[in-house]
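Novice: Sharing a structure below in structure tokens format, with a few things to ask.
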Amino acid sequence: MTRTFPALVARARRLAGDGRRAVLGITGPPAAGKTTLATELVRALSAGPPDGLGPGRVAHVPMDGFHLADVELDRLGLRDRKGAPDTFDAYGYANLLRRLHEDRDEMIYAPGFERLLEQPVAGSIGVPRSARLIVTEGNYLLLDEPRWAPVRALLTEVWYTDLDDGERLRRLVDRHVRFGKTPDAAVAWATGTDERNAEVIKATRDRADLIIGSGPGTDPG
């Protein structure tokens, strides 16, 4: 069900309304709008009250920083499945969420993901103690598998971004081309590995707290 963006901002702001740290997860299939929605939410919530939480009180920590590096994927024989559930450090991601919930450290550093290199980059996202709402987004936040199951319990709410498959596929192919794949390779990857992953993610849809349309803007998540 689609929600207006102001309503989403208000709901996200309420999650941290009592001053305790909250972690909002945004999930959905590849190119359904996760990253765009997360980015726009963080931008809106970084404004001062009453509509926002104020500068320094919102942080964006994507799950993509927990991609296994290509050298490890090669060692495991998983390079051709990059992006599948078993090509992430799910335990490491859960441990980061646990530290964020514990709210004890003055600064927590999280890994990011460099799209041009297609590699994780350690320690590239800083989350200060002042951050009361953490927005995290990724494909497998609701996956009920042993390595991923701990993640759901560490998220205050999880929102699922839905998008027509035709439009989502178009966005996904465009993204792959933009980051270096040939058009043919982009279509092959989007309709092969990405689509298999999308089916896994769609099966988790009913576990979300909220189902919404794609995020504001045109960039895929």
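Novice: Between residue 199 and residue 91, how many nm apart are label points set 7 Å from Cα along the C-beta direction?
Specialist: For the pair residue 199/residue 91, the computed spacing is 2.9 nm.
Novice: Evaluated at 37 °C with a viscosity of 0.692 mPa s, what Stokes-Einstein diffusion coefficient in µm²/s does region 90-221 have when Rh comes from the Kirkwood expression over alpha-carbon pairs? Write down the numbers at each step before the final one.
Specialist: Details: Rh = 16.6 Å.
Calculated translational D: 197 µm²/s.
Novice: Please compute the contact order of the chain in relative form: average sequence separation of alpha-carbon pairs under 8 Å and at least six residues apart, divided by the residue count, as a percent.
Specialist: Relative CO of the chain lands at 35 percent.
Novice: Could you work out how far apart the two model spin labels at residue 184 and residue 104 are, taking each label as a point 7 Å from the Cα in the direction of the beta carbon, and quote it in nm?
Specialist: Those two pseudo-labels are separated by 5.5 nm.
Novice: Taking 0.36 nm per intervening residue step and subtracting the Cα-Cα distance, what contour gain separates residue 210 from residue 11 on full extension? Write out the running numbers ahead of the final one.
Specialist: Working: separation 199, 0.36 × 199 = 71.64 nm, distance 1.05 nm.
Stretched out fully, the residue 210 to residue 11 stretch lengthens by 70.6 nm.
Novice: Is region 1-109 best put as rounded, prolate or oblate by its Cα gyration tensor, with a ≥ b ≥ c the root eigenvalues, rounded for a/c under 1.5, and otherwise prolate when a/b is larger than b/c, oblate when not?
Specialist: Oblate.
Novice: Sticking with this structure for a sec: Relative to the present Cα-Cα distance, how much length would full extension add between residue 153 and residue 177 at 0.36 nm per residue of separation?
Specialist: 5.0 nm is the gain from fully extending residue 153 to residue 177.
Novice: Select from region 86-121 those GluC sites (Glu not before Pro) which occupy a DSSP coil region and have at most 10 other Cβ atoms within 10 Å, ordered by residue number.
Specialist: 106
Novice: If packing is taken as the average number of other Cβ atoms within 10 Å across a peptide's residues, how do 4-15, 24-35, 51-62, 132-143 rank, most packed first?
Specialist: Packing order, densest peptide first, comes out as 24-35, 132-143, 51-62, 4-15.
Novice: While we're here: Counting each DSSP H run of 4 or more residues in the chain as -39500 (n - 2.57), what helix-only mean residue ellipticity at 222 nm follows after dividing by all residues, to the nearest 500 deg cm²/dmol?
Specialist: Values: 8 runs with 81 residues, N = 221.
Estimated from H runs of four or more residues: -11000 deg cm²/dmol.
Novice: So, one more: Give the Kirkwood hydrodynamic radius (Å, one decimal) of the chain, defined as one over the mean of 1/r across all pairs of different Cα atoms. Let's see the in-between values first.
Specialist: Working: mean 1/r = 0.0568 Å⁻¹.
After inverting the mean inverse Cα-Cα distance, the result is 17.6 Å.
Novice: Kindly work out what percent of the DSSP beta bridges joining two residues of region 5-212 are antiparallel, to the nearest 5.
Specialist: The answer is about 35 percent antiparallel.
Bear in mind these aren't lab numbers, they're just calculated from the coordinates by the rules spelled out. Predicted model, so just to flag it, every value in this text is computed and none were measured. Cβ: placed from backbone, ideal geometry, glycine included. Neighbour counts: every protein chain shown.
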